[in-house]
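Only the coordinates and a few stated rules stand behind these numbers; no lab work does. None of the values given here were measured: they were computed from a predicted structure. Cβ: placed from backbone, ideal geometry, glycine included. Neighbour counts: every protein chain shown.
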Amino acid sequence: MAFRAMVEVTQRVAAAARTPVLIRGESGTGKERVAQAIHSLSPRARGPWVTLNCSAIAEGLLESEMFGHEKGAFTDARSGKRGLLELADGGTLFLDEIGDLAPALQPKLLRAIETQTFRRVGGQREIRVDVRFVAATNRNLAAMVKTGAFREDLYYRLNVAGIDVPPLRERRSDILPLARHFLGEATTTMGVPTAALAAGVPALLEAYDWPGNIRELRNVIERAVILAGGGGIRPDHLPKEILARAAASPGAASDAALTLEQLEKRHIRAALERCGGNKTHAARELGITRVTLRSKIRQYALVEFLDEPASGAPLESS
C-alpha cells in the first residue's frame with residue numbers, strides 16, 4: 001500500500017542525518033507530521049526542531065527570519081537577531097510551502113544547504129551551522145522548474161530524498177482509525193463523554209473522497225462532536241458534502257438503514273478483500289485479534305474466507 005511504503009521510506013530516510021528531504025503531497029495530508037517523524041527518528045532527535053512557513057511571512061521579512069540580521073541592517077534593526085537557521089543548529093529546519101519561497105532567496109538557501117554556512121542580513125561574518133533541511137510543498141516543483149519559477153539546482157538539492165504523502169482517498173483503510181483517533185482527541189479536549197460512530201457513519205466516511213484530506217477529517221469529527229452534544233455521532237451530524245456523496249452512491253446511501261451487524265459484516269468483508277484474504281493483516285487493520293476475526297467470519301458465514309480442511313486437518317490461512 002502507498003501509505004505503508006511511505007512509512008518505510010520515511011524510516012530509512014530519517015537515519016541519514018544530513019540528507020535534505022523534500023516531502024510532496026496535497027494540502028492537509030500530514031506533511032508536517034512526516035517531517036516531525038523524520039526528525040524524531042533521526043540521530044538529531046535531541047536537537048532543535050524549527051519550522052518556517054515560506055508563504056506566511058512577507059518576502060521582505062523572510063530573509064531576516066531565516067538568516068537573522070545585524071544591528072543597523074535596516075531601519076528597525078535596533079539590535080542583532082539570530083535567525084531560525086541559526087536556532088536550528090544541531091537539529092532540523094522544516095521549510096513548509098517551499099514552493100512559495102521568493103526567487104531572490106532561493107540561491108541563498110541553496111548555498112546554506114550546500115556549505116552549511118550563511119551570513120546574517122547586513123553581516124560580513126560567515127556563520128557555520130549543522131542543520132538538516134526538510135522541505136514540504138503541495139505544488140509541482142518540477143513543473144515550476146520548467147517555467148523558471150523555481151531554481152533547478154535548489155530543487156535537485158532538496159530532492160535528494162523525496163517522499164510522496166498519498167491523499168486520504170488513496171488510503172481509505174486509514175479513514176476510520178483516524179476518525180476514531182480524532183474522536184477521542186475531540187471528546188477529551190471538549191470535556192464531553194466519549195462518543196462513538198453510530199450505524200451508517202463509518203460507511204459514509206469511507207465513501208467520501210476527502211479533498212481536504214486529514215485536516216478536513218479532523219474538522220468534520222470535531223464539528224460532529226459539538227453537534228452531538230455528548231451523544232453518538234449520527235449521519236445527520238456530518239456535513240452536507242458527505243451526505244451528498246452518499247446520495248450519489250446508492251450502496252453508500254443505503255448503509256444508514258443497515259443494522260450494526262450488517263455494517264460490521266460489510267466492513268469485515270471489505271477489509272479481508274483489501275488484504276487479499278490474509279487474516280493476520282485484516283485483523284490488524286480492523287483492530288481486532290486474529291481469533292476474533294475467525295470467529296466473525298464464521299458468525300457472518302463469509303464462506304469464501306473460511307479455513308478449508310486438507311488431509312483431515314484444518315489449514316491455517318494468514
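Details
- Using a Förster distance of 30 Å, the FRET efficiency for Phe3-Thr194 (Cβ separation, nearest 0.05): 0.65
- Placing +1 on each Lys and Arg Cβ and -1 on each Asp and Glu Cβ, with no other charges, gives segment 1-138 a dipole about its Cα centre of roughly 480 debye.
- Nearby lysines by direct alpha-carbon distance to Lys296 (threshold 21 angstrom, same-chain neighbours under 8 apart not counted): Lys265, Lys279
- Highest-fluctuation residue, Glu63, Glu170, Glu273 considered, GNM on the chain with Cα pairs under 10 Å: Glu273
- Cα centroid separation, segment 218-246 to segment 79-148: 41 Å.
- Measuring r between the beta carbons of Thr289 and Ala37 and using R0 = 30 Å, the FRET efficiency lands at 0.65.
- Taking Cα atoms only, the orientation of helix 213-228 departs from the longest principal axis of the chain by about 60 degrees.
- Ignoring lysines fewer than eight residues from Lys108 along the same chain, the ones with Cα atoms less than 22 angstrom from its Cα are Lys71, Lys81, Lys146.
- Computed over the chain with a Gaussian network model linking Cα atoms closer than 10 Å, the most mobile of Ile221, Ile233, Ile297 is Ile297.
- The chain, relative contact order in percent, only Cα pairs under 8 angstrom and at least six apart counted: 17 percent
- Gyration tensor verdict on segment 114-227 (Cα atoms; rounded if a/c is under 1.5, prolate if a/b is larger than b/c, oblate otherwise): prolate
- Estimated distance in nm for a label pair at Arg169 and Arg12, the labels positioned 7 Å out from Cα along Cα-to-Cβ: 2.9 nm
- Net charge over other residues, Cβ less than 12 angstrom from the Cβ of Arg44 (K, R count +1; D, E count -1): +1
- Positive-end residue of Val225, Ser64, Thr115, charge dipole of the chain with Cβ unit charges: Thr115
- Proxy reagent accessibility, fewest Cβ within 10 Å first, across Arg171, Arg12: Arg12, Arg171
- For the chain, the longest principal axis of the C-alpha atoms and the axis of helix 106-115 are separated by about 90°.
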